[in-house]
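Okay, so here's the structure we're looking at.
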Amino acid sequence: MKQFILYARKAVTSPDFHLDDLPGSGGRMDLVARCICNALWISHDLRRDSCIHVVACGSPNPPVVISFYGDKLRDVSPDERNIAAWIKKALALKRKNPGINIRKLSFQQLIEQLAAEGKMFYILHEKGRDIACVKLKANPVFVLGDHIGLPKKEEKFVERFEHEKIALGTTSYLASQCITVLHYELDKKINHAPVGI
Ligand SMILES: C[S@@+](CC[C@H](N)C(=O)[O-])C[C@H]1O[C@@H](n2cnc3c(N)ncnc32)[C@H](O)[C@@H]1O
């Protein structure tokens, strides 16, 4: 299982945001939805070996961890609006989707939980070690910041556990682009890469 953690400092924690204004009213929910799409979708299929945890730290009730699981998602399409609509439903505790889970959990609590499962963390950082030189362990957990980046305090917390800082080069990419590049690099490394139709 490949896991992605996105620290979304502005993503709102109430369902009262507008689908027509994801960047403003949603606290960059557009960015969140793009990351979810890139983490889980390929052409005409889902990546059933992947999940993404969004740590929403915006008002009014932070922090909330919204997790999407590729092997359990039902009836969600990969467009930003539809993904955001499902986040709205989940935050309203309305319609349940087996592939979407909401928890009242902080970034540090989530890291602790995954560390207790023996996971290795890969912090995505422009100044990290080039991914081409890194042999990734099985079941990696990739940690990414949002448009502003991962807060230093949270980065230091992850560093208490087994981790490595990795870079996709020196260009600063959007978090959603980093997820696509990571999948591409991992797909190349395995013989049975998922193939779209
Ligand atoms: C838009 S960037 C944030 C830029 C922010 N100014 C910073 O310095 O962190 C969003 C996230 O993508 C990841 N990222 C962007 N470019 C990267 C690169 N070349 N290598 C590794 N991670 C990268 C980092 O996790 C970063 O926090």
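Just so you know, all these numbers are worked out from the coordinates, no wet-lab data involved. As the structure is a prediction and not an experimental result, all values here were calculated from the model. Here the Cβ is made from the backbone with ideal geometry for all residues, glycine too, and neighbour counts use every protein chain on show.
In the range 145-181, what residues are crowded, with 18+ Cβ neighbours inside 10 Å, among the aliphatic types (A, V, I, L, M) and in contact (Cβ under 8 Å) with a residue 60 or more places away in the chain?
150, 175, 179
Tell me the residue from 96, 135, 88, 119 that is of a type in the set (D, E, K, R), in contact (Cβ under 8 Å) with a residue 12 or more places away in the chain and farther than 19 Å from residue 11 by Cα, please.
After ruling out the rest, the residue left standing is 119.
Taking residue 83 as the residue in question, decide whether it is surrounded by 19 or more Cβ atoms within 10 Å (Cβ to Cβ), outside any loop (DSSP other than H, G, I, E, B), in contact with a helix residue (DSSP H, G or I) (Cβ under 6 Å, 6 or more places away or on another chain) and not small (Gly, Ala, Ser).
Taking the combined requirement at face value, the residue satisfies it.
Could you check how many residues of the range 144-170 are in a strand (DSSP E or B) and within 7 Å of the ligand (Cβ to nearest atom)?
Final tally of qualifying residues: 3.
If a residue has to be surrounded by 13 or more Cβ atoms within 10 Å (Cβ to Cβ) and part of a loop (DSSP other than H, G, I, E, B) to count, how many in the range 25-60 make the cut?
Number of matching residues: 9.
It is to be established whether one or more residues within the range 95-105 are within 16 Å of the ligand (Cβ to nearest atom), β-branched (Val, Ile, Thr) and within 24 Å of residue 78 (Cα to Cα).
Checking the range 95-105: not a single residue is within 16 Å of the ligand (Cβ to nearest atom), β-branched (Val, Ile, Thr) and within 24 Å of residue 78 (Cα to Cα).
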